[in-house]
1. Return the residue satisfying two criteria in turn: it lies in the range 112-141 and is basic (Lys, Arg) and at pLDDT 70 or above, and of such residues it is surrounded by the most Cβ atoms within 10 Å (Cβ to Cβ).
2. Quick one: in the range 257-291, which of the residues that are more than 21 Å from the chain's Cα centre (by Cα) and assigned to a loop (DSSP other than H, G, I, E, B) is farthest from Ile32 (Cα to Cα)?
3. Among what's in the range 355-375 and is among the aromatic types (Phe, Trp, Tyr) and within 13 Å of Val245 (Cα to Cα), pick the residue that is surrounded by the most Cβ atoms within 10 Å (Cβ to Cβ).
4. Tell me, which helices (runs of 4 or more DSSP H) wholly within the range 16-111 include 2 or more residues that are charged (D, E, K, R) and buried (at least 17 other Cβ atoms within 10 Å of the Cβ)?
5. Among the candidates Ser331, Ser352, single out the residue that is in a helix (DSSP H, G or I), in contact (Cβ under 8 Å) with a residue 40 or more places away in the chain, touching a Pro at 6+ places or on another chain (Cβ under 9 Å) and loosely packed, with under 15 Cβ neighbours inside 10 Å.
6. Can you tell me which residues in the range 326-357 are over 26 Å from the mean Cα position of the chain (by Cα) and closer than 18 Å to Arg82 by Cα?
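The values are calculated or read from the model by the stated rules, or taken from the named source; none is laboratory data. Computed from a prediction, not measured in an experiment: that's the story for all the values here. Methodologically, a virtual Cβ is constructed for each residue, glycine included, from the backbone with ideal geometry; neighbour enumeration extends over all protein chains shown.
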Amino acid sequence: MTDRARPSHTEHPVALGSFRSWLRLAWQGRDIDPVFLPRFLFVCLTTLLTSPLRGWETLRYHRALKQTTIHPSPIFIIGHWRSGTTHLQNILCQDPNLGFLSTFHAMAPGFCLLGDKSIKPRLAKLTNSRYKTRLIDNIPLALDAPQEDEFALAGMIPNAFIHAFSFPRQTMDFFRRVVLFEGMSAAALREWTKTYMSILRKATWICGGRRLVAKNCAHSARIGTLLQLFPDAKFIHIHRNPYEVFLSTLHMYKTVHKHAQLQQVDAVHMEACVLQIYTQLMQRLLRDKAMIPAGNLVEMSYEGLEREPLHLLKKVYEGLSLPGFEDAEGSFRAYLESVASYQKNRYTIEPSDIGKVNDHWTFAFDQWGYERLDP
């Protein structure tokens, strides 16, 4: 597994996000444990100090962004966290005809245009001095690399699933409201939609109008909403061996909590959340994927992508009627060669883990044909 130094209180996923959103989140009945008050106040300070940049960017670029047209058929990569969505997005985004939301955009969604030349280089120097790879795995960390757009949402509004890492005792509440959209008010859903469209519009403007490849695991349960916004949207669903997903997701929760949590939470609670969320997310996906028009959905396994990536990429282009595979094939090969030495995190699965996965995720083995182990 990846070994990390003990994080300080001067780190948080939305440290460059909206001050107003951060206060709204804190005032919505979220109790903060005293030990994490320094972290909470740090985010208050950084979001407050960067507020003028967000205001100036809105004034300067409002008209240009309002006139920006998002490609009507974006590509959404979906699937449970730790199922290979990042790897797939990183490969696809080597195609020069496709655009994406960058890590810097996700970290600073309100001033990524103003900060591109001044703040981003300083931030890159700071992050590279502390972290050479992502926190949760050994994938190289780069501010220009593709990123999950849920992080950008979290930097702008309270209704984003990333906030569950700050308030882990409310994980299931966040999941039901902001992923399943159960119990979310009409006003909150309108805000979510408006904000998400503004994020995609800004990414489109930065990418010169190219078709976007958007990766967001929470979108696995938002297919209906996405189709209302983009009736001709393309979807790629990638799945992975449930045992690997279980252990890797637990590792992700533990790692991100160290940098984001404002509440103490025990391992039993986290484990229960992982088991429930996988079940509800994937069953919603299985139910709603029938809504996707014929020819707009391709499904694959992470294991298959590892074995024969170019073959599966070609099937994606053919299955979704995307142009340009031959032109991009050389870029795909070059990227795959550059990460050929990448070492995945290794986990030891205990009999108790096997039993839990077997008991809770039986449908996944039946649906995708993975081998079921005996405890």
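1. Lys120
2. Here the answer is Asp266.
3. Across the range 355-375, the extreme among qualifying residues is Trp361.
4. In the range 16-111, the matching helices (runs of 4 or more DSSP H) lie at 51-66.
5. Only one candidate qualifies: Ser331.
6. Ile354
Matching residues to (1) surrounded by 17 or more Cβ atoms within 10 Å (Cβ to Cβ); (2) under 29 Å from Val268 (Cβ atoms):
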{"site": "Asp288", "(1), (2)": "yes, no"}
{"site": "Ser321", "(1), (2)": "no, no"}
{"site": "Gln343", "(1), (2)": "no, no"}
{"site": "Thr348", "(1), (2)": "no, yes"}
